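Here is the structure we will look at.
The values are calculated or read from the model by the stated rules, or taken from the named source; none is laboratory data. Because the structure is predicted, anything quoted here is derived from the model rather than measured. Cβ: placed from backbone, ideal geometry, glycine included. Neighbour counts: every protein chain shown. These accessible areas exclude ligands, DNA and RNA; they are computed on the full protein's heavy atoms, side chains included. Shrake-Rupley method; radii C 1.70, N 1.55, O 1.52, S 1.80 Å.
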Amino acid sequence: MSERVRFTSELLERRPCADEAGQERRVKSRYSGAWICALEALTPVCIQSAFAKLTDKDKAFLPGSSLRGMVRNVAEVLGAGCAEFHEGRPEPPEILATPCTEEAACLVCRVFGFVHGDYSWAGEVRFHDTLSAAVPWVKFGLSRAGFGGGGDGEEGWRVFPHRLPKLPEGRIRCAATGSKFQFRVDYLNLDAEEYGLVKFALTLQHGEIDLCHKLGYQKAQGLGSVLIRTPNDKSAPIGPDIERYLATRSFAEFQGYRRYR
Ligand SMILES: [Zn+2]
């Protein structure tokens with residue numbers, strides 16, 4: 001059964017979408033969609049802000065902001081981004097140190113967002129928190145040893161190589177090796193180059209290439225090596241635009257640090 005309510009007799013107000021703040025529209029010729037991602041810990045993982053108050057009985061989740069930062073960092077290392085979030089020494093070259101603006105923003109800032117003065121750009125990807133997952137917990141002690149080699153004082157991005165941790169037992173709560181999480185990344189209106197770069201920086205898989213990420217606390221000591229997969233992925237494959245990034249010396253170095261088998 002249904003009833004009727006009369007149509008309004010008021011004048012319908014219309015105005016251009018382009019004038020709306022925060023409007024979202026899908027442009028047909030661009031890439032929009034979502035990746036459902038599976039994350040697996042190759043070494044124990046700790047996100048201090050999320051894990052500090054948990055007990056052995058609690059489930060764990062990984063914050064979307066941490067996942068986003070991890071993928072953004074890879075995109076920067078690949079040479080697609082400015083050094084907006086580069087901290088400390090060595091200073092990046094001027095072309096990377098110059099901040100992005102509304103008029104001139106690098107690929108990474110366009111895709112992941114940036115703030116410049118009063119201007120704030122939200123970006124074109126959204127990383128959700130992982131679903132809560134029951135994980136086996138392990139606990140480690142803080143270690144300042146083991147930085148060895150660390151790249152301090154040398155030129156370039158600081159990258160944490162994959163390695164197995166050698167840490168004493170302690171109080172830092174970690175999701176144990178083998179822990180699995182699921183999360184979602186939405187992307188909107190990416191062009192072909194942006195799409196390929198984000199998809200590669202997220203999965204670190206392309207052709208023969210198969211690498212791991214580093215996430216969270218005590219990365220230098222071996223914590224936080226994680227694999228990201230997109231099972232049942234029906235999205236477009238990474239296009240030829242990625243090859244330029246994969247041919248660089250930066251990528252060759254990065255690859256050497258992130259092989260995991
Ligand atoms: Zn930038």
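For the stretch 72-130, which positions are touching a helix residue (DSSP H, G or I) at 6+ places or on another chain (Cβ under 6 Å) and more than 21 Å from Tyr245 (Cβ to Cβ)? If the condition is that a residue be touching a helix residue (DSSP H, G or I) at 6+ places or on another chain (Cβ under 6 Å) and more than 21 Å from Tyr245 (Cβ to Cβ), then His128, Asp129 are the ones that fit.
Conditions tested, residue by residue: (1) hydroxyl-bearing (Ser, Thr, Tyr); (2) closer than 22 Å to Asp186 by Cβ; (3) open to solvent by 100 Å² or more (accessible area, probe 1.4 Å).
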position	(1), (2), (3)
Thr8	yes, no, yes
Arg15	no, no, yes
Arg26	no, yes, yes
Tyr31	yes, yes, no
Ala34	no, yes, no
Leu39	no, yes, no
Val45	no, no, no
Phe51	no, no, no
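The residue that is nearest to Val185 (Cα to Cα), among those in the stretch 85-118 that are more than 9 Å from the ligand (Cβ to nearest atom), within 18 Å of the chain's Cα centre (by Cα) and assigned to a loop (DSSP other than H, G, I, E, B), is Gly113. Within the stretch 40-84, being more than 16 Å from the ligand (Cβ to nearest atom) and among the basic types (Lys, Arg) holds for Lys53, Lys57, Lys59. Would you confirm, using the coordinates I've provided, whether Cys17 is within 16 Å of the ligand (Cβ to nearest atom) and of a type in the set (A, V, I, L, M, F, W, C)? Answer is no for this residue.
Has the stretch 59-69 got at least one residue that is open to solvent by 80 Å² or more (accessible area, probe 1.4 Å), out of contact with any strand residue (DSSP E or B) (no Cβ under 9 Å at 6 or more places or on another chain) and part of a loop (DSSP other than H, G, I, E, B)? Looking through the stretch 59-69, none of the residues is open to solvent by 80 Å² or more (accessible area, probe 1.4 Å), out of contact with any strand residue (DSSP E or B) (no Cβ under 9 Å at 6 or more places or on another chain) and part of a loop (DSSP other than H, G, I, E, B). Just to be sure before I move on: is Arg158 under 24 Å from Gly113 (Cα atoms) and surrounded by 13 or more Cβ atoms within 10 Å (Cβ to Cβ) in the structure I sent? Considered against the rule, which asks whether it is under 24 Å from Gly113 (Cα atoms) and surrounded by 13 or more Cβ atoms within 10 Å (Cβ to Cβ), Arg158 comes out as yes. Looking at Ile228, Ile238, just one residue is in a loop (DSSP other than H, G, I, E, B), of a type in the set (A, V, I, L, M) and either in contact with a helix residue (DSSP H, G or I) (Cβ under 9 Å, 6 or more places away or on another chain) or within 27 Å of Tyr31 (Cβ to Cβ) (or both), and that residue is Ile238. Just wondering, is there one or more residues in the stretch 182-202 that are buried (at least 21 other Cβ atoms within 10 Å of the Cβ) and among the polar types (S, T, N, Q)? No, that holds for no residue.
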